[in-house]
1. Search the range 245-278 for residues being part of a loop (DSSP other than H, G, I, E, B) and among the aliphatic types (A, V, I, L, M), and hand back the single one that is surrounded by the fewest Cβ atoms within 10 Å (Cβ to Cβ).
2. Considering the range 1-29 alone, what residues qualify as being touching a strand residue (DSSP E or B) at 6+ places or on another chain (Cβ under 8 Å) and among the aliphatic types (A, V, I, L, M)?
3. For the range 238-251, indicate whether the set of residues that are more than 23 Å from Ile135 (Cα to Cα), in contact (Cβ under 8 Å) with a residue 24 or more places away in the chain, of a type outside the set (A, V, I, L, M, F, W, C) and touching a Gly at 6+ places or on another chain (Cβ under 8 Å) is non-empty.
4. Kindly indicate which of Leu94, Leu119 is surrounded by 20 or more Cβ atoms within 10 Å (Cβ to Cβ) and either free of Cβ contacts under 8 Å to residues at least 60 places away in the same chain or in a helix (DSSP H, G or I) (or both).
5. Write out, first by first residue and then by second, each pair whose Cβ atoms fall under 7 Å of each other, whose residues are 6+ apart or on separate chains, and whose first residue, in the range 285-313, is closer than 20 Å to Lys220 by Cα while the second is at pLDDT 95 or above and acidic (Asp, Glu).
6. If the Cβ limit is 7 Å and pairs must be 6+ apart or interchain, which residue in the range 42-71 that is within 20 Å of Ile106 (Cα to Cα) pairs with which residue that is charged (D, E, K, R)?
7. How many residues does the range 193-247 hold that are over 25 Å from the mean Cα position of the chain (by Cα) and within 30 Å of Ala83 (Cβ to Cβ)?
8. Test each condition in (1) small (Gly, Ala, Ser); (2) under 21 Å from the mean Cα position of the chain (by Cα); (3) within 21 Å of Asn123 (Cα to Cα) for Ala39 and report the one that comes out false.
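The values are calculated or read from the model by the stated rules, or taken from the named source; none is laboratory data. This structure is a prediction, so every number in the text was calculated from the model and none was measured. Counting neighbours? That spans all protein chains shown, and the Cβs are built from the backbone with ideal geometry, glycine included.
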Amino acid sequence: MGELNSRKAAIVGCGFVGSASAFSLMQSGLFSELVLIDADQNKAQGEALDISHGLPFAKPVQIYAGNYDDIKDASVIIVTAGAGQKPGETRLDLVKKNVGIFKSVIPEISSRNMDAILLIVANPVDILTYAAAKISGYPENRVFGSGTVLDSARLKYLLGEHLEVDSRSVHAFIIGEHGDSEIAAWSSANVSGIPINNFCEMRGHYHHEEAMKRIAESVKNSAYEIIEKKKATYYGIAMSVKRICEAIVRDEKSILPVSSIQHDNHGITGVSLSMPSIVGKNGVETTVPIELNEAEETALKSSAETLQKIINDLEI
């Protein structure tokens with residue numbers, strides 16, 4: 001394998017999520033080269049052209065449609081390829097379809113480049129991250145999914161609205177599956193170090209249980225709501241992809257709730273799900289020990305079991 005170009009990324013899959021991610025990365029100035037790959041070459045070319053026309057208003061970056069040979073020196077490979085979630089369909093309904101797609105896509109990647117970071121964004125992201133790690137033969141630290149980075153952002157956004165405070169000052173994680181069994185880790189949530197309930201009371205909110213339930217449900221259902229209203233969700237995830245790429249390219253060692261295969265974390269092993277993790281140029285350095293109460297621990301184990309059942313049915 002040749003030398004990687006730390007300023008080059010590849011996006012495999014140019015649907016709504018792939019093209020919105022390319023648009024977001026074009027504006028970020030993180031990369032100087034961006035190759036777009038899609039089964040439909042015309043689609044990739046169209047997106048590359050359209051996004052390139054914004055370059056006079058951004059920083060120089062070469063954006064072009066390519067094929068798998070063009071990824072051999074990419075340092076980050078973002079995989080969004082897969083069937084999208086349709087109205088009324090759960091993320092897990094997509095499993096069989098998308099694992100099938102990964103069985104053809106992932107070997108194309110690993111046969112040309114074994115040294116990049118594989119960032120999995122296609123859904124159901126936890127199952128596909130597990131599948132990508134197993135199929136690619138990549139070291140596990142360099143295969144991870146966007147996980148609950150977006151869900152956690154949705155949680156921060158809603159808490160920021162609720163408390164009338166900048167969402168960037170809110171520290172709260174959604175953990176577990178990116179999907180129906182996800183958990184809001186309320187016991188560790190805080191606003192600039194102030195426990196969430198104390199801050200709520202300072203803002204005149206006292207019905208904690210009710211507010212927690214309502215906000216967590218709203219986070220969990222927001223994808224369904226957006227899909228029902230506009231058929232797809234892609235801007236939020238595109239910003240999440242940009243955020244994760246920043247942490248990788250700048251070796252930030254930022255703590256992000258990405259999805260990776262767990263090893264005896266809260267008693268969970270061999271399943272890919274989201275836990276706060278230190279992310280830098282080598283991918284996931286380590287997960288971060290997060291204090292959970294008993295109910296959260298139980299819910300996390302149950303989320304892991306949901307995913308384990310699906311993994312057991314896969315032929316990988």
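1. Result: Val271.
2. Within the range 1-29, Leu4, Ala9, Ala10, Ile11, Val12, Ala22, Leu25, Met26 meet the criteria.
3. yes
4. On the way: Leu119 fails: either free of Cβ contacts under 8 Å to residues at least 60 places away in the same chain or in a helix (DSSP H, G or I) (or both).
Among Leu94, Leu119, only Leu94 is surrounded by 20 or more Cβ atoms within 10 Å (Cβ to Cβ) and either free of Cβ contacts under 8 Å to residues at least 60 places away in the same chain or in a helix (DSSP H, G or I) (or both).
5. Correct list of pairs: Ser303/Glu177; Ser303/Glu182; Thr306/Glu177; Leu307/Asp126; Leu307/Glu177.
6. Cβ pairs passing all conditions: Ala44/Asp38; Tyr68/Glu108; Tyr68/Arg112; Asp69/Arg112; Ile71/Arg112.
7. So the answer is 0.
8. Exception for Ala39: condition (2).
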